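Report on the structure given below.
The values are calculated or read from the model by the stated rules, or taken from the named source; none is laboratory data. Quantities reported herein were computed from a predicted structural model and do not represent experimental measurements. Quick reminder, even Gly has a Cβ in these numbers, built from the backbone with ideal geometry, and neighbours come from all protein chains shown. The accessibility values were calculated without ligands, DNA or RNA, using every heavy atom of the protein model including side chains. Shrake-Rupley method; radii C 1.70, N 1.55, O 1.52, S 1.80 Å.
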Amino acid sequence: MTTRRTTAARRATPPEPGAVTHVDRIEALVRAGIHAGTYPQGSRLRERELSDALGVSRIPVREALVRLAAEGLVELSPRRGATVRRLTLRDVDELFDLRLSLEVFAARRAAELSWQGHALPGLRRVMDEAESATRRDCPADIAAANTAFHAELITMTGNRLLRASLQPSLGLMHWLFRLTSTAGSPRLHCEEHKNICAAVYAGRPQLAEALAYAHIDSRREATLQRLSAVLPAE
């Protein structure tokens, strides 16, 4: 009886803070597979197949798919289950609209907070990681660092509603960065991030706002044109 209680208690014990759970691991693996094209757009993500391949039960697989659906990478249907989202040119165009609305404001607000002496150091750390990835010329790491930079810019504002508004699109943003990782110049991209970062920490809201707008908007047409050969319009 004691052994059974001990076993049950061990199973009920929550993971240590910061520990990587089965759900975290599955989420990361499936996300990476979607970004890399291992799971093509429109393909089904069957819980049983994933659980067998990853050596886990279906419960953490199901939870991981729910998380990925919240990021916009997976669509859940009562009949078909989970499928990889089919990205369209309209999705990409609307994502640029959203980024111009949220990130440009975030850059200005972050610079205002910096001027008031309330800047968080996270953006500099992310910028260092982005520069390292660019020097290594690693597309996957560059895409991850780019996503982290834009997410951290939002975090710097301290605005919870702003973060909640961007969160469902972070997965799509990272996916888009992976799809276009060979386009343009990663070094130019990194340099523009450095300029935004410098304007933020210098406490120059108007400059940070203008640089963020130019950084995002200047890539819209080129990105849409590049992806028009591989993505449907709607």
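So how tilted is helix 205-217 from the main axis of the chain? Cα-based, degrees 0 to 90, rounded to 10. The helix 205-217 is inclined about 70 degrees to the chain. Taking Cα centre as origin and charging only the Cβ of basic (Lys, Arg, +1) and acidic (Asp, Glu, -1) residues, the dipole magnitude of the range 30-143 rounds to 440 debye. Helix 89-115 axis versus longest C-alpha principal axis of the chain: approximately 70°, rounded to the nearest ten. Over the chain, accessible surface divided per residue gives 56 Å², non-protein components excluded, 1.4 Å probe. Under 1.5 on a/c is rounded, so check that first for the range 154-209, then, if it is not, pick prolate when a/b is larger than b/c and oblate when it is not; a ≥ b ≥ c are the square roots of the alpha carbon gyration tensor eigenvalues. Since a/c reaches 1.5 but b/c is at least a/b, the shape of the range 154-209 is classed as oblate. For helix 122-136, report the angle its Cα long axis makes with the longest principal axis of the Cα atoms of the chain; keep it between 0 and 90° and round to the nearest 10°. With rounding to tens, the tilt is 90 degrees.
Its Cα gyration tensor gives the range 70-140 an equivalent ellipsoid, and the semi-axes of that ellipsoid, as √(5λ) in whole Å with the largest first, are 32, 19, 13.
Share of pairwise Cα-Cα distances greater than 21 Å in the range 27-102 is 29 percent (whole percent). Share of pairwise Cα-Cα distances greater than 33 Å in the chain is 26 percent (whole percent).
Compactness check for the range 118-200: Cα Rg over 2.2 N^0.38 Å is 1.07.
The Rg/Rh ratio of the range 140-181, with both radii computed over alpha carbons and Rh defined as the Kirkwood radius, is 1.01. Can you give the FRET efficiency for ARG79 and VAL230, using 1/(1 + (r/R0)^6), R0 = 25 Å, r = Cβ-Cβ distance, to the nearest 0.05? Between ARG79 and VAL230 the formula returns 0.35. Seen from all directions on average, the range 44-84 presents a Cα convex hull projection of 2.6 nm². Peptide packing: for 167-174, 193-200, the average count of neighbouring Cβ atoms within 10 Å per residue gives the ranking 193-200, 167-174, highest mean first.
Estimated from the Cβ-Cβ distance and a Förster radius of 30 angstrom, the FRET efficiency linking ASP52 and GLN167 is about 0.45. Expressed in Å, the radius of gyration and Dmax of the Cα atoms of the range 41-166 are 18.2, 53.
Expressed as a whole percent, the accessible area of the chain that falls on carbon and sulfur atoms is 52 (1.4 Å probe).
At R0 = 22 Å, how high is the FRET efficiency between ARG135 and LEU29 if r is their beta carbon distance? Nearest 0.05 is fine.
Once rounded, the FRET efficiency stands at 0.25.
Between the alpha-carbon centres of the range 57-96 and the range 191-234 there is a gap of 26 Å.
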